[in-house]
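The values are calculated or read from the model by the stated rules, or taken from the named source; none is laboratory data. This structure is a prediction, so every number in the text was calculated from the model and none was measured. No Cβ is skipped: glycine too gets one built from the backbone with ideal geometry, and neighbour counts run over all protein chains shown.
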């Protein structure tokens, strides 16, 4: 009976984790689709992003950043110099310290946060729809 309860508990935890990853993947899809204006964006992952990797059916993951519409970064140092002109989108708030990153999606205190900087969007000629205006801020 103890083994059954332990297995049931572990199964519940795994399913909850998958649900969180699926939600995160859905948020990434909405953001990336908005930034690239593509229904099936070509994404290069400079760092591991488990939610995108696990639920990648909506994305076209490419192995070379030169073929990508957008590059998802956690650590900016992982970007090849020839790909710095691509749209960069961060997975942590700290990635916004780099002026090449147009925005970021990150978790803070258990809540999802989205932030774009207007000057960086303008630099890449990106116009977000009105649904995303509440996530746009001016750089300080």
* Structure fact -> By residue number, the members of region 64-75 that are touching a strand residue (DSSP E or B) at 6+ places or on another chain (Cβ under 8 Å) and either farther than 18 Å from residue 37 by Cβ or assigned to a helix (DSSP H, G or I) (or both) are 64, 65, 67, 73, 74
* Being in contact with a helix residue (DSSP H, G or I) (Cβ under 7 Å, 6 or more places away or on another chain), under 16 Å from residue 132 (Cβ atoms) and part of a helix (DSSP H, G or I) is the filter here, so list the residues in region 31-55 that pass it. => 34
* **Residue check, residue 24 at pLDDT below 90, on the phi < 0 side of the Ramachandran plot and either surrounded by 13 or more Cβ atoms within 10 Å (Cβ to Cβ) or not in a helix (DSSP H, G or I) (or both)** => yes
* Structure fact -> Within region 92-106, the count of residues that are touching a strand residue (DSSP E or B) at 6+ places or on another chain (Cβ under 8 Å) and over 18 Å from residue 121 (Cβ atoms) comes to 1
* Structure fact -> residue 114 fails exactly one of (1) within 21 Å of residue 48 (Cβ to Cβ); (2) in contact (Cβ under 8 Å) with a residue 60 or more places away in the chain; (3) surrounded by fewer than 12 Cβ atoms within 10 Å (Cβ to Cβ), namely (3)
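Every residue, every condition in (1) more than 23 Å from residue 26 (Cβ to Cβ); (2) surrounded by 12 or more Cβ atoms within 10 Å (Cβ to Cβ); (3) touching a residue at least 24 places away in the same chain (Cβ under 8 Å), yes or no:
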{"site": "52", "(1), (2), (3)": "no, yes, yes"}
{"site": "65", "(1), (2), (3)": "yes, yes, no"}
{"site": "70", "(1), (2), (3)": "no, yes, yes"}
{"site": "73", "(1), (2), (3)": "no, yes, yes"}
{"site": "84", "(1), (2), (3)": "yes, yes, no"}
{"site": "93", "(1), (2), (3)": "no, yes, no"}
{"site": "105", "(1), (2), (3)": "no, yes, yes"}
{"site": "123", "(1), (2), (3)": "yes, yes, no"}
* Could you say which residue among 58, 120 is touching a helix residue (DSSP H, G or I) at 6+ places or on another chain (Cβ under 6 Å) and outside any strand (DSSP E or B)? -> 58
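Do you know which residues across region 125-140 are part of a loop (DSSP other than H, G, I, E, B) and either over 18 Å from residue 26 (Cβ atoms) or modelled with pLDDT under 90 (or both)? Before the answer, list the steps.
The initial filter retains those residues of region 125-140 that are part of a loop (DSSP other than H, G, I, E, B), namely 125-129, 138-140.
Listed by number, the residues that qualify are 125, 126, 127, 138, 139, 140.
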* Asked: Does any residue of region 76-94 turn out to be modelled with pLDDT of 80 or more and assigned to a helix (DSSP H, G or I)?
  -> yes
